[in-house]
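The values are calculated or read from the model by the stated rules, or taken from the named source; none is laboratory data. Everything quoted here is computed from the prediction, not taken from an experiment. Using ideal geometry, Cβ is built from the backbone for each residue, glycine included, and neighbour counts are taken over all protein chains shown.
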Amino acid sequence: MPASGKALCNGQPAKLIWQIQFLVKDLASQINKNFYRVLLQSGVDGHGSEFFGGDHPPSNLHKNETEFKYISEKLTNLLRFNVWVDAVLTRKGNYFIIKDTTIANQQAELTHRLQQSSLMQDV
């Protein structure tokens, strides 16, 4: 990226995108080495650009520390056991592409469930 911080692509201002690969297991693949490859590519038709919420569009995480912390927290929560994301997927070859979802709304439900489980353990 140039010193101005504004990159160009074919003479147009370039947009930042999410490009994340998730390796997902389900009940059927839990006991073997198989997994599903799920891609979040917001550059393809703009699908998935609001995956982390409309207030958190793709950004340069190397320069934006608050966004880095926010996205890191969301990804850490996705790594927990038995976490789900309700998403619309399209199959393309041997992988799936996230077409439409936002985990920001689902995050509140996850936080609530985690708080409930920690309260139950305290009893």
If you scan the stretch 31-54, which residues turn out to be within 15 Å of the chain's Cα centre (by Cα) and free of Cβ contacts under 8 Å to residues at least 24 places away in the same chain?
Gly46
Just to be sure I understand, how many residues within the stretch 47-68 are surrounded by 11 or more Cβ atoms within 10 Å (Cβ to Cβ) and either touching a Cys at 6+ places or on another chain (Cβ under 7 Å) or not acidic (Asp, Glu) (or both)?
14
Residues satisfying the stated conditions in the stretch 68-95, i.e. among the hydroxyl-bearing types (Ser, Thr, Tyr) and either touching a residue at least 24 places away in the same chain (Cβ under 8 Å) or on the phi > 0 side of the Ramachandran plot (or both):
Tyr95
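Results for (1) hydrophobic (A, V, I, L, M, F, W, C); (2) farther than 20 Å from Ile98 by Cα; (3) modelled with pLDDT under 85, shown as yes or no for each residue.
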| position | (1), (2), (3) |
| --- | --- |
| Gly5 | no, yes, yes |
| Gln12 | no, yes, yes |
| Ile17 | yes, no, no |
| Phe35 | yes, no, no |
| Asp45 | no, no, yes |
| Ser49 | no, no, yes |
| Gly54 | no, no, yes |
| Lys74 | no, no, no |
Please find, among Ile97, Ile71, the residue that is surrounded by 15 or more Cβ atoms within 10 Å (Cβ to Cβ) and more than 19 Å from Lys15 (Cα to Cα).
Ile97
